[in-house]
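S.K.: Have a look at this one.
The values are calculated or read from the model by the stated rules, or taken from the named source; none is laboratory data. These figures come from a predicted structure and were not determined experimentally. Cβ: placed from backbone, ideal geometry, glycine included. Neighbour counts: every protein chain shown.
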Amino acid sequence: MLSPKRVKWRKQFVGRASGLAHRGSNLDFGDFGLQAAEEGRLTARQLEAGRVAINRTIKRGGKVWCRVYPDVPVTKKPAETRMGSGKGNPEFWVARVLPGRILFEMNGVTKEQAKEAFERAAHKLPFKTKFLERV
């Protein structure tokens, strides 16, 4: 699974996601893309599940680019722990995703293959997505 090798700080604030993605909202590498239509947090497991679904669908046919990276640690306190005694330990990593952000790009396949692959990947993701095509 994806996670940073080193981080400056072990624990981060939760923060709030608002607005639209201006950075990473254009097709830069491939001819087809999967774009987020809602904001949300994409875990490393969900990202990997989407990537695997795409690769299995295109069967080594084209090239796939993953345009997001889970770099935000999410902490969790153990079950049945009393209130207080600080913040929990980092449990998993997420990528903050704003509407308009390109999640995956693909090249070297037909439009039908790309659409099918991105549809399968979209089932693994926790928010709505859109299929994009280079004009």
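S.K.: Out of the residues in region 61-70 that are in contact with a strand residue (DSSP E or B) (Cβ under 7 Å, 6 or more places away or on another chain) and surrounded by 14 or more Cβ atoms within 10 Å (Cβ to Cβ), state the one that is farthest from residue 107 (Cα to Cα).
M.R.: 70
S.K.: Follow-up. Among (1) assigned to a loop (DSSP other than H, G, I, E, B); (2) under 28 Å from residue 19 (Cβ atoms); (3) not acidic (Asp, Glu), which single condition is residue 121 missing?
M.R.: Status for residue 121: all satisfied but (1).
S.K.: I've got another one for you. Among the strands (runs of 3 or more DSSP E) confined wholly to region 1-93, which include 1 or more residues that are modelled with pLDDT of 95 or more and more than 14 Å from the chain's Cα centre (by Cα)?
M.R.: Because the criterion is at least 1 residues that are modelled with pLDDT of 95 or more and more than 14 Å from the chain's Cα centre (by Cα), the strands (runs of 3 or more DSSP E) in region 1-93 that meet it are 32-36, 63-66, 72-76.
S.K.: Just to be sure, is residue 109 surrounded by 12 or more Cβ atoms within 10 Å (Cβ to Cβ), hydrophobic (A, V, I, L, M, F, W, C), within 19 Å of the chain's Cα centre (by Cα) and modelled with pLDDT of 95 or more?
M.R.: Spelling it out, it is not the case that residue 109 is surrounded by 12 or more Cβ atoms within 10 Å (Cβ to Cβ), hydrophobic (A, V, I, L, M, F, W, C), within 19 Å of the chain's Cα centre (by Cα) and modelled with pLDDT of 95 or more.
Residue-by-condition table, conditions (1) of a type in the set (A, V, I, L, M); (2) touching a residue at least 12 places away in the same chain (Cβ under 8 Å):
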site: 75; (1), (2): no, yes
site: 81; (1), (2): no, no
site: 90; (1), (2): no, yes
site: 95; (1), (2): yes, yes
site: 98; (1), (2): yes, yes
site: 108; (1), (2): no, yes
site: 115; (1), (2): no, yes
site: 123; (1), (2): no, yes
site: 128; (1), (2): no, yes
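S.K.: In the list 75, 57, which residue meets the criterion of being over 29 Å from residue 11 (Cβ atoms) and of a type in the set (Ser, Thr, Tyr)?
M.R.: Step by step, each of 75, 57 is checked, and only 57 is over 29 Å from residue 11 (Cβ atoms) and of a type in the set (Ser, Thr, Tyr).
S.K.: Here are 57, 43, 129: which of them is buried (at least 17 other Cβ atoms within 10 Å of the Cβ), closer than 22 Å to residue 5 by Cβ and of a type in the set (Ser, Thr, Tyr)?
M.R.: That would be 43, the only listed residue that is buried (at least 17 other Cβ atoms within 10 Å of the Cβ), closer than 22 Å to residue 5 by Cβ and of a type in the set (Ser, Thr, Tyr).
S.K.: What are the pairs, 6+ residues apart or on separate chains, where a residue within region 23-41 that is touching a residue at least 12 places away in the same chain (Cβ under 8 Å) and on the phi > 0 side of the Ramachandran plot has its Cβ under 8 Å from a residue that is basic (Lys, Arg) and part of a loop (DSSP other than H, G, I, E, B)?
M.R.: Matching pairs, first to second residue: 24/67; 24/101.
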